[in-house]
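**Q** Let me give you the structure first, and then I'll get to my questions.
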Amino acid sequence: MTETATETAIATGSKSEQAYTAVKARIVDGTYSPGYRLVLAAIAKDLGVSVVPVREAIRRLEAEGLVTFERNVGATVSGIDPTEYLYTMQTLSIVEGAATALSAPLIDSVAIARARAVNEDMRECLQHFDPVRFTHLNQDFHSILFEHCPNPHILDLVHRGWNRLASLRSSTFRFVPGRAHESVDEHEALLRLIEAGAAAEEIEKSARRHRSATLDAYLAQSNNAPTTNAGSLSAH
């Protein structure tokens, strides 16, 4: 996390919110990598707050799945094993696909233009590939499409899925950079479906296939290869 981002987090909100924002940002951008031990006193000193708000922030991050408490170790940054990644991505493909389909009738031309502009930024990012920036842009793109979802429970599940993947997703496109090129093209295809007023079922299937393709590419790159099952589960 950059110094400017840290200062921004500390400058606004309650002390607990400050600590939460700062620590979460460091987990997501990889400053605190999986397995990193979160020493409350050290973090509090670094952020210029007491230990109490840091402890509250760590508890919130534990509830989101980004932090794990281990006996005789304390709080550490969670990692995601391949099996958990598989299940989380399968679930996210379903709920995000549904959220995008439900949002589609509510997405106006202004939102489409915003999403397309973000996708063009992603295309430019491919020239000098930065997987962390690409991932942030990817989340911005999808957020524009699913945030209109009128069902708050589905939307909450989508947010939880993104949060669970946050510490790993910064490296996903680093492992499968070729998938990044395909992802940008699939984004444009999805936008065209929404623009054309395609049926909800078609939009949902496109969004789910898009998500499952990233999962399959990642699993194919790893030593675990249940890719056929992953694709079939998340595409039906």
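The values are calculated or read from the model by the stated rules, or taken from the named source; none is laboratory data. Owing to the predicted nature of the structure, the values given are computational and were not obtained by experimental measurement. Every residue, glycine among them, receives a Cβ derived from its backbone with ideal geometry; neighbour counts consider all protein chains shown. Accessible surface areas use protein heavy atoms only, side chains included; no ligands, DNA or RNA. Shrake-Rupley method; radii C 1.70, N 1.55, O 1.52, S 1.80 Å.
**Q** Given a 1.4 Å probe and the protein chains all in place, what does the accessible area of Asp46 round to, in Å² to the nearest 10?
**A** We get 90 Å² for Asp46.
**Q** Provide the FRET efficiency to the nearest 0.05 for the Ser50-Asn72 pair, computing r from the beta carbons and using R0 = 25 Å.
**A** 0.50
**Q** Which order do the peptides 131-138, 89-96, 36-43 take when ranked by the mean count of other beta-carbon atoms within 10 Å per residue, highest first?
**A** For the peptides 131-138, 89-96, 36-43, the packing ranking is 89-96, 131-138, 36-43.
**Q** Next question, about the same structure. From the C-alpha gyration tensor of the stretch 15-77, pull out the three semi-axes of the equivalent ellipsoid (sqrt of 5λ each), sorted largest to smallest, in whole Å.
**A** Ellipsoid semi-axes (Å, largest first): 16, 13, 11.
**Q** Run the simple label-point estimate for Ser33 and Glu84 please: 7 Å along Cα→C-beta, distance reported in nm.
**A** Each label point lies 7 Å from its Cα, and together they span 1.8 nm.
**Q** So, one more: Going by Cα centres, the stretch 17-42 and the stretch 76-154 are how many Å apart?
**A** Going from one Cα centre to the other spans 23 Å.
**Q** When all C-alpha to C-alpha distances in the stretch 82-224 are sorted into bins of 10 Å, what percent of pairs does each bin hold, rounded to whole numbers?
**A** All Cα pairs considered, the percentages come to 12, 45, 36, 7, 0.
**Q** Against the globular-protein guess of 2.2 N^0.38 Å, express the Cα radius of gyration of the stretch 76-140 as a ratio, rounded to two decimals.
**A** 1.41
**Q** Here's another thing I want to ask about it. Taking R0 as 30 Å, what FRET efficiency do you get between Ala196 and Gln221 from their Cβ-Cβ distance, rounded to the nearest 0.05?
**A** Approximately 0.35, to the nearest 0.05.
**Q** Something else now. Please compute the Kirkwood hydrodynamic radius over the stretch 45-91, one decimal place, Å, based on all pairs of different Cα atoms.
**A** 12.3
**Q** Using a 1.4 Å probe, what is the accessible area per residue for the stretch 15-77, in Å²?
**A** I get 51 Å² per residue for this part.
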